[in-house]
Amino acid sequence: MDILLDNIINKFDYLKSIDDYNILKENSLYIKKNGIYLICASVFFSKNDYVINLLSIWRKEAKTFHNKFNVTAEGTRKWYKNLLLDIQDRILFFVLDEKENFIGHLGFANLCKKNNFIQIELDNVIRGEKNTKPGAMSIACKELINFAFEDLKVNEVILKTLKSNAHAVNFYKKIGFQEYDKIPLTKIFNDEGFDHKVILNNDLIPDDYFICMKLGKLK
Ligand SMILES: CC(C)(COP(=O)(O)OP(=O)(O)OC[C@H]1O[C@@H](n2cnc3c(N)ncnc32)[C@H](O)[C@@H]1OP(=O)(O)O)[C@@H](O)C(=O)NCCC(=O)NCCS
């Protein structure tokens, strides 16, 4: 048991359990200046076909992720319950504009603590709606990181992105992330698409790399 980690898990648990849109909105991160809301992907949306479909479409269209598989609404519904709501240290927020249109999503996963130092990973960053509100995703990212530092008392936010995803690498650098590691990967094709695996055997020529980046709390 660790009180700092428990506080974070309890906060995630509470937000994910909200089953009423107005209460979700009251608990959202709202950036008034830019008219952007970050609303938790809670149990409320698990019953909403429109949102589940939107998540499927966005994941299908995101060609820059490390893996490609057969994305279906049914698979997304299962993912939402089993690999998002039921995973204690994972949380996702929808990015909404001032008219409450869904723009994209981003979240956190893989909470850990070493020597009183709390780290969390930025997870699942996708802009679904391409031609609206330029800057919305950077603004949402900064707000979420601020929430991690100020409210969750996290010390460092880390992330991994493919080197070939130059737009994302640049996007994160502009937010303030710095590269600290580079992990060689081999691309493995399968029936549904592909995945990338870490190269343990130095004889293989990498197909790509995970660029590992981190951002610490600004003093
Ligand atoms: C990574 C990703 C979320 C970035 O989204 P994005 O639309 O580029 O980000 P923003 O909404 O912050 O928009 C940034 C653009 O708006 C512009 N902008 C305008 N106002 C801005 C503001 N106030 N703040 C920041 N940028 C602003 C920027 O200059 C930038 O333009 P550019 O791309 O021509 O440089 C998006 O490319 C994506 O969904 N990629 C596919 C999924 C993916 O690869 N995710 C990352 C996996 S690790």
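The values are calculated or read from the model by the stated rules, or taken from the named source; none is laboratory data. Remember, it's a predicted structure, so these values are computed and weren't measured experimentally. Because the Cβ atoms are built from the backbone with ideal geometry, glycine has one as well, and the counts that use them run over all protein chains shown.
Condition check ((1) assigned to a helix (DSSP H, G or I); (2) within 16 Å of the ligand (Cβ to nearest atom); (3) within 30 Å of TYR209 (Cα to Cα); (4) not polar (S, T, N, Q)) across all residues:
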position: LYS25; (1), (2), (3), (4): yes, no, no, yes
position: PHE45; (1), (2), (3), (4): yes, no, no, yes
position: LYS60; (1), (2), (3), (4): yes, yes, yes, yes
position: VAL71; (1), (2), (3), (4): no, yes, yes, yes
position: ASN82; (1), (2), (3), (4): yes, no, yes, no
query = Considering the stretch 134-150 alone, what residues qualify as being within 10 Å of the ligand (Cβ to nearest atom) and buried (at least 20 other Cβ atoms within 10 Å of the Cβ)?
reply = ALA136, MET137, ALA140, CYS141
request  = Determine which member of the set LEU83, LEU38 is surrounded by 15 or more Cβ atoms within 10 Å (Cβ to Cβ), at pLDDT 95 or above and within 17 Å of the chain's Cα centre (by Cα).
outcome  = LEU38
request  = Look at LYS113 and say whether it is surrounded by fewer than 20 Cβ atoms within 10 Å (Cβ to Cβ) and outside any strand (DSSP E or B).
outcome  = no
ask   = Do you know which residues across the stretch 193-208 are modelled with pLDDT of 95 or more and not aliphatic (A, V, I, L, M)?
value = GLY193, PHE194, ASP195, HIS196, LYS197, PRO206, ASP207, ASP208
query = Any chance the stretch 181-196 includes a residue that's of a type in the set (A, V, I, L, M), within 16 Å of the ligand (Cβ to nearest atom) and assigned to a strand (DSSP E or B)?
reply = yes
note = Checked VAL125, VAL95 against criteria (surrounded by 13 or more Cβ atoms within 10 Å (Cβ to Cβ), out of contact with any Lys or Arg (no Cβ under 9 Å at 6 or more places or on another chain) and outside any loop (DSSP other than H, G, I, E, B)); the one match is VAL125
remark   = Cβ pairs under 6 Å, 6+ apart or interchain, first in the stretch 200-219 and farther than 16 Å from LYS153 by Cα and in contact (Cβ under 8 Å) with a residue 12 or more places away in the chain, second of a type in the set (Gly, Ala, Ser) and outside any strand (DSSP E or B), ordered by first then second residue, are ASP208/SER164
message = Looking at the stretch 176-208 only, could you name the residues that are within 19 Å of the chain's Cα centre (by Cα) and either crowded, with 17+ Cβ neighbours inside 10 Å or among the charged types (D, E, K, R) (or both)?
response = PHE177, GLU179, ASP195, HIS196
